[in-house]
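Structure first, commentary second.
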Amino acid sequence: MEIMKDETVLLKNYINGKWVASQSNERLAVENPATGNVIANVPVSTKEDVNQAVLAAKQAFTSWKNTPVPKRARILFKYHHLLSENHEILAKLIVQENGKSYKEAYGEVQRGIECVEFASGAPTHMMGESLSGIAEEMDSEMFKYPLGVIGGITPFNFPMMVPLWMFPLAIVCGNTFVLKPSERTPLLANRIVELFTEAGAPEGVLNIVHGTRHVVNGLLMHEDIKAISFVGSQPVAKYVYEKAASQGKRVQALSGAKNHHTVMPDADINRAVQHILSSTFGSAGQRCMACSAVVVIGENERFVESLKKKADELIIGNGMDDEVLLTPVIRRSHREKVLNYIKKGLEEGAMLLRDGRKEMQEMKEGNFLGATIFDHVKPDMTIAKEEIFAPVLSVLRADNLDEALSFIRKSKYGNGATIYTKDARAIRQFREEADAGMLGINVGVPATMAFFPFSGWKDSFYGDLHVNGKDGVNFYTRKKMITSRFDF
Ligand code: NAD
């Protein structure tokens with residue numbers, strides 16, 4: 001069931017504990033990618049809206065930073081409870097504005113809840129270190145403190161999980177937060193902020209400003225924003241990193257990906273195919289950990305045939321329908337870009353093993369594209385190098401693992417990589433030499449859990465400290481050292 005909103009419904013920003021209208025008259029339609037129906041409008045907020053939110057967050061920081069850590073953590077316990085209670089409705093909202101399947105959306109809510117679980121351990125995470133006796137009658141202690149106001153900028157593809165990578169941990173560490181969600185998936189953001197308030201967060205601690213690049217630039221340039229957490233496409237991530245760093249801010253900017261899955265000759269073909277199909281075509285390939293390139297070692301035609309056969313069997317449709325795996329891409333404009341990549345693949349000489357444009361023509365509504373697979377792709381072809389972010393897979397052929405690893409090294413991205421094999425020596429070589437930050441051994445989506453860093457490499461990440469885990473805590477805190485003498 002679609003939660004239709006009147007087309008004139010215009011979302012509001014959330015500033016200092018109140019829903020307030022943006023000062024801008026400009027708005028964008030929020031569409032359901034499976035139907036094309038407009039479900040809301042989102043304001044393209046201005047720099048003035050950002051200034052208001054940052055001011056509210058700055059004022060809230062003065063008391064929030066002094067709120068005892070266990071008390072801050074207790075709000076997260078309550079938040080955990082509320083998110084769990086609302087698990088299904090949150091998942092439905094994700095399906096409606098993002099288009100992914102209900103099963104994927106349900107899993108995403110779970111991943112978000114796990115971030116809150118991790119953040120609830122703040123009294124432990126915030127502990128410092130001490131050494132009694134650094135010299136005679138002298139001790140040293142280290143305490144962790146929050147930074148101030150943090151800006152969070154998030155993408156459309158994980159409207160729940162990505163904001164929850166950021167604000168629960170930032171806030172429990174004593175910071176206050178201004179969130180700029182994707183303008184393509186703003187409804188869920190409003191709901192998770194409402195629930196945070198219901199959990200007991202004081203006014204001004206978490207604020208939302210909807211919009212596009214004006215809001216982003218407002219955050220990047222604001223002197224009271226002390227750190228920026230960004231997740232999105234590579235060109236924007238690089239821009240955000242450079243701009244924020246030039247303003248003296250801490251930045252973590254998670255970026256695009258091209259994840260290679262290597263299929264060794266001894267791999268269990270059925271299981272490898274199953275993992276690769278779900279990694280490649282789940283969420284319509286719009287996951288930063290999606291498989292987008294398969295490297296087949298040796299003459300493994302049985303694997304390629306099975307991949308094609310099983311791709312033919314994938315059920316495509318609205319994410320609310322049971323059994324559907326392949327859902328629409330986010331916008332028609334994005335599908336146009338993907339179609340250009342398919343043309344480019346053909347022009348550059350790749351072999352189109354399965355053409356998903358057939359399903360696209362059959363489905364009049366929504367932004368659907370069938371599973372598309374290119375074979376005999378070379379590493380220097382455009383479709384092998386660039387992130388397409390859609391249900392389009394490139395199959396590359398390699399003689400051996402060394403050659404497969406050279407393809408991975410050649411990629412400018414380094415988010416994830418997977419190997420399918422039972423061979424311990426191959427696994428070890430892959431672990432040591434694969435040039436990516438999150439590896440899977442017989443795992444289709446090796447995304448890390450909230451207590452570990454989400455640790456892309458190369459152009460998949462700009463910054464030093466990753467989101468989640470101890471990295472996340474260190475990103476959102478600064479250290480103070482106390483050196484004491486007791487002999488006077
Ligand atoms: P996007 O870059 O279009 O948008 C991300 C955010 O940046 C949005 O809030 C958007 O409003 C803002 N933005 C867009 N253009 C801007 C500009 N010119 N100036 C300033 N701000 C701008 O990304 P998207 O399409 O929403 O998300 C998909 C991308 O995110 C993919 O590339 C995917 O790989 C990446 N992603 C990466 C990770 C990771 O962990 N590395 C996780 C999720 C998504």
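The values are calculated or read from the model by the stated rules, or taken from the named source; none is laboratory data. Note that the coordinates shown come from a computational prediction; the quantities given were computed from them, not determined experimentally. All Cβ positions, even for glycine, are placed from backbone atoms using ideal geometry, and neighbour counts span all protein chains on display. Quick note on the areas: whole protein, heavy atoms, side chains included, nothing else; ligands and nucleic acids left out. Shrake-Rupley method; radii C 1.70, N 1.55, O 1.52, S 1.80 Å.
Just give me the residues in the stretch 309-334 being away from the ligand (no atom under 16 Å from the Cβ), surrounded by 15 or more Cβ atoms within 10 Å (Cβ to Cβ) and not in a loop (DSSP other than H, G, I, E, B), in sequence order. Step through it out loud before you land on a result.
Just the residues of the stretch 309-334 that are away from the ligand (no atom under 16 Å from the Cβ), to begin with: 309-326.
Going one step further and asking which of them are surrounded by 15 or more Cβ atoms within 10 Å (Cβ to Cβ), we end up with 310-311, 314, 316-320, 324-326.
Within the stretch 309-334, Lys310, Ala311, Ile316, Leu326 qualify.
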Acidic (Asp, Glu), out of contact with any Pro (no Cβ under 6 Å at 6 or more places or on another chain) and crowded, with 16+ Cβ neighbours inside 10 Å: does that describe Asp487? no
Would you check if Ala245 is in contact with a strand residue (DSSP E or B) (Cβ under 6 Å, 6 or more places away or on another chain), away from the ligand (no atom under 13 Å from the Cβ), open to solvent by 10 Å² or more (accessible area, probe 1.4 Å) and not in a strand (DSSP E or B)? yes
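One line per residue, one yes/no per condition, for (1) farther than 30 Å from His125 by Cα; (2) open to solvent by 60 Å² or more (accessible area, probe 1.4 Å); (3) modelled with pLDDT under 95; (4) in contact with a helix residue (DSSP H, G or I) (Cβ under 7 Å, 6 or more places away or on another chain):
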site	(1), (2), (3), (4)
Glu2	yes, no, yes, yes
Lys5	yes, yes, yes, no
Leu10	yes, yes, no, no
Ile15	no, no, no, yes
Ala21	yes, yes, no, no
Arg27	yes, yes, no, no
Ile39	yes, no, no, yes
Arg72	no, no, no, yes
Name the pairs whose Cβ atoms lie under 9 Å apart, with the first residue in the stretch 372-388 and under 22 Å from Lys358 (Cβ atoms), the second among the polar types (S, T, N, Q) and open to solvent by less than 10 Å² (accessible area, probe 1.4 Å), and 6 or more positions between them or separate chains? Ile373/Thr280; Ile373/Ser394; Phe374/Ser394; Asp375/Ser394; Val377/Ser394; Ile383/Ser394; Ile388/Ser394
Can you tell me which of (1) open to solvent by less than 10 Å² (accessible area, probe 1.4 Å); (2) free of Cβ contacts under 8 Å to residues at least 12 places away in the same chain is the one Glu432 doesn't meet? (1)
Just give me the residues in the stretch 148-163 being closer than 23 Å to Asn51 by Cα, crowded, with 24+ Cβ neighbours inside 10 Å and more than 10 Å from the ligand (Cβ to nearest atom), in sequence order. Val149, Ile150, Gly151, Pro163
Looking only at the stretch 103-145, and only at residues there that are open to solvent by 60 Å² or more (accessible area, probe 1.4 Å) and aromatic (Phe, Trp, Tyr), the one that is farthest from Gly285 (Cα to Cα): Phe143
Does at least one position in the stretch 250-267 carry a residue that is more than 16 Å from the ligand (Cβ to nearest atom), farther than 25 Å from Asn98 by Cβ and within 20 Å of the chain's Cα centre (by Cα)? yes
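If you scan the stretch 304-343, which residues turn out to be among the small types (Gly, Ala, Ser), farther than 17 Å from Ala290 by Cβ and more than 22 Å from the chain's Cα centre (by Cα)?
Quick first cut of the stretch 304-343, residues among the small types (Gly, Ala, Ser) only: 306, 311, 317, 319, 333.
With farther than 17 Å from Ala290 by Cβ added as a condition, the list becomes 306, 317, 333.
Ser306, Gly317, listed by residue number.
Could you check how many residues of the stretch 458-472 are in a strand (DSSP E or B) and under 19 Å from Arg250 (Cβ atoms)? Working first, answer last.
Step one: of the stretch 458-472, the residues in a strand (DSSP E or B) are 458, 461-463, 467.
Those left that are additionally under 19 Å from Arg250 (Cβ atoms): 461-463, 467.
Number satisfying all stated conditions: 4.
Of Ser279, Ser306, which residue is crowded, with 23+ Cβ neighbours inside 10 Å, assigned to a helix (DSSP H, G or I) and modelled with pLDDT of 95 or more? Give the derivation first.
Working: Ser306 fails: crowded, with 23+ Cβ neighbours inside 10 Å.
Of the residues listed, the single one that is crowded, with 23+ Cβ neighbours inside 10 Å, assigned to a helix (DSSP H, G or I) and modelled with pLDDT of 95 or more is Ser279.
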(1) more than 12 Å from the ligand (Cβ to nearest atom); (2) touching a strand residue (DSSP E or B) at 6+ places or on another chain (Cβ under 7 Å) all hold for Ile208 apart from (1)
Output the residues belonging to the stretch 213-232 that are crowded, with 22+ Cβ neighbours inside 10 Å, within 9 Å of the ligand (Cβ to nearest atom) and either in a strand (DSSP E or B) or free of Cβ contacts under 8 Å to residues at least 40 places away in the same chain (or both). Phe230, Val231
I'd like the residue in the stretch 187-203 that is more than 22 Å from Leu10 (Cα to Cα) and out of contact with any Phe, Trp or Tyr (no Cβ under 6 Å at 6 or more places or on another chain) and, out of all such residues, is farthest from the ligand (Cβ to nearest atom). Gly200
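So that you can scan it fast, the table gives a plain yes or no per residue for (1) within 14 Å of the ligand (Cβ to nearest atom); (2) open to solvent by 20 Å² or more (accessible area, probe 1.4 Å); (3) closer than 18 Å to Thr280 by Cα; (4) not in a loop (DSSP other than H, G, I, E, B):
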{"site": "Asp380", "(1), (2), (3), (4)": "no, yes, no, no"}
{"site": "Glu387", "(1), (2), (3), (4)": "yes, yes, yes, no"}
{"site": "Leu393", "(1), (2), (3), (4)": "no, no, yes, yes"}
{"site": "Leu396", "(1), (2), (3), (4)": "no, no, yes, yes"}
{"site": "Glu403", "(1), (2), (3), (4)": "no, yes, no, yes"}
{"site": "Ser406", "(1), (2), (3), (4)": "no, yes, no, yes"}
{"site": "Ile419", "(1), (2), (3), (4)": "no, no, yes, yes"}
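Rundown of residues vs (1) modelled with pLDDT under 95; (2) closer than 25 Å to Asp266 by Cα; (3) assigned to a loop (DSSP other than H, G, I, E, B), yes/no style:
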residue	(1), (2), (3)
Ala426	no, yes, no
Ala436	no, yes, yes
Gly440	no, yes, no
Phe452	no, no, yes
Asn474	no, no, no
Lys480	no, no, no
Does Arg184 meet the test of being within 16 Å of the ligand (Cβ to nearest atom), open to solvent by 20 Å² or more (accessible area, probe 1.4 Å), charged (D, E, K, R) and within 26 Å of Leu465 (Cα to Cα)? no
Residues Gly112, Gly36: which one is at positive phi and out of contact with any strand residue (DSSP E or B) (no Cβ under 9 Å at 6 or more places or on another chain)? Gly36
